[in-house]
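First the structure, in the form of structure tokens, and then the observations on it.
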């Protein structure tokens, strides 16, 4: 079922709810910066969860390239996180809502889901932040000083979209200024639920070394898988199959 709701800023959020034949749990899956709910990684994760008896909620954040309102140029960690909160708040009023639920997200969606889990640990039964941003500070380290200088002086960054061929992504410097306000490490002790980390071996925006910092700080049951030959955004069928198998095996351990 697809529906539209309003976020706290009065913008349209497009949400999709998929129910398994015998739902026994609930999961929310969140895309990354400029992503959308139909991306291959989102679908692979959703299919694994559906097969395991989860009702799955996916959605397009505002200021992305999906069906929701907003301009990508204005995207921030704050607006993505608030959209996640608003979707969960709406879901809490639906008949199919179940707590505690599972949260999964990719990249910026990863840090948003983890931040939600830190702030609401009793509501989250398990967490899967793939290729996640760990902190704004670590994100800065993935750019050269010259790249950061140009971005800040111009006021925006421009690059072609790999997920949407022909689309040029323009992102304001305000995105990075906002991201610097976020860091998973100070409240990492709240993440005592099972946590699954997955990252591509060739990931440059959220590299394996960042995931290892997060992994070592996690206090509860945890796993870290590095997908050989994979970049930041998972599109190759071989990589997607491997991730799906990892998720399926992980789910069996605590369900």
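Selection of the range 86-114 for residues being more than 8 Å from the chain's Cα centre (by Cα) and buried (at least 24 other Cβ atoms within 10 Å of the Cβ) yields 102, 103, 114. Consider residue 13 carefully, then state whether it is touching a strand residue (DSSP E or B) at 6+ places or on another chain (Cβ under 6 Å) and at pLDDT 95 or above. Criteria met by residue 13. Note on the range 48-58: residues that are surrounded by fewer than 24 Cβ atoms within 10 Å (Cβ to Cβ) and over 13 Å from residue 21 (Cα atoms) amount to 1. Within the range 27-80, the set of residues being more than 16 Å from the chain's Cα centre (by Cα) and in a strand (DSSP E or B) comprises 54, 55. Consider the range 181-191 and keep the residues that are out of contact with any strand residue (DSSP E or B) (no Cβ under 7 Å at 6 or more places or on another chain) and surrounded by 14 or more Cβ atoms within 10 Å (Cβ to Cβ). The one that is farthest from residue 125 (Cα to Cα) is 187.
The values are calculated or read from the model by the stated rules, or taken from the named source; none is laboratory data. Note that the structure is predicted; figures quoted are calculated from it, not measured. Neighbour counts are summed over all protein chains in view; Cβ atoms, including those assigned to glycine, are modelled from backbone coordinates with ideal geometry.
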